[in-house]
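Just so you know, all these numbers are worked out from the coordinates, no wet-lab data involved. None of these values were measured; they are calculated from a predicted model. Positions of Cβ are backbone-derived with ideal geometry, glycine not excepted, and every protein chain shown enters the neighbour counts.
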Amino acid sequence: MHVYDDRFPWAPGAKLLHPPATVAMYRDIQQRLGTTRNVVVTPSAYGIDNRCSLDALVQLGATARGVAVVDANVSDAELNRLDKAGIKGLRFNLAIGSVTTAAMIEPLARRVAHLGWHMQVNMSNDELLANRDMLSRLPVPVVFDHFARIPLQDSTSHPVYAFVTGLMKAGKACIKLSGAYLASKAGAPSYSDVAPLARALIQAAPTQVIWGSDWPHPTEHHKPDDALLFKRMTEWAGSDELLNALLVDNPARLYHF
């Protein structure tokens, strides 16, 4: 999930802005969902300024971890400071164009490997495949955002599916079941066209799949129902054992809970 707080300024030229979506507001969502842990991901609107996310981690306490955004100029001292504050990964949101680039991923991965972090990537299919060699040799896990943007019409026959699930089976990648609405044509309440891909990913490597709310859904003008999205995810899991893996065991390992 993301936090937006007007105490913190937007990055120059930021595109995907959002009204306030605060820790207190997300706590209301958690009461509906029954969740107790958080992973706060710095949104693109703040560029490489992670102050809003770090403030949220302080508010949320020991039950929260974070994913930050930095560029190649970040110091080792800053990376260590972020780690102590609860950051456990770096985000590269290349799908909308941001302050990071694909060329930054491998050098930064090598710098944070000793911290046990991961690289979270959101890329177009073409860019992901163009960087498959680099992503395969990273010394840290890769987390693919939003179903790795695998096209629903091709789903398991698409080359991105083969690449991503190959890394997952090797224990080198995780995929995030978040933002079902981004590609769905069926839409709410069923998101039925997303279900086959979600179930295939879970079955392919059940220890490498996690869930994300993507709250407050910054790409969407008409906000989806968080409880409904959560319910769909429980249906995709199909069993209490797999649901526990997606919601407890897998994220606990990845985010060092």
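In segment 20-40, is there at least one residue being small (G, A, S), touching a His at 6+ places or on another chain (Cβ under 9 Å) and farther than 20 Å from Y255 by Cβ? Don't jump to the end; show me each part of the working.
Filtering segment 20-40 down to residues small (G, A, S) leaves 21, 24, 34.
Keeping just the survivors that are touching a His at 6+ places or on another chain (Cβ under 9 Å) gives 21.
Going one step further and asking which of them are farther than 20 Å from Y255 by Cβ, we end up with 21.
Yes; the residues of segment 20-40 include at least one that is small (G, A, S), touching a His at 6+ places or on another chain (Cβ under 9 Å) and farther than 20 Å from Y255 by Cβ.
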### Query
Restricting attention to segment 91-103, does a residue exist that is of a type in the set (D, E, K, R) and more than 18 Å from V39 (Cβ to Cβ)?
no
### Query
List the pairs whose first member sits in segment 199-226 and is closer than 17 Å to V3 by Cα, whose second member is part of a loop (DSSP other than H, G, I, E, B) and of a type in the set (K, R), and whose Cβ atoms are under 6 Å apart, counting only residues at least 6 apart or on separate chains?
H217/K223
### Task
For segment 136-152, state whether one or more residues are touching a residue at least 12 places away in the same chain (Cβ under 8 Å), among the small types (G, A, S) and touching a helix residue (DSSP H, G or I) at 6+ places or on another chain (Cβ under 7 Å).
yes
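Condition check: touching a helix residue (DSSP H, G or I) at 6+ places or on another chain (Cβ under 9 Å) and outside any loop (DSSP other than H, G, I, E, B). Does L228 satisfy that? Explain how you work it out, then say what you get.
Numbers: touching a helix residue (DSSP H, G or I) at 6+ places or on another chain (Cβ under 9 Å): no; outside any loop (DSSP other than H, G, I, E, B): yes.
No, not satisfied.
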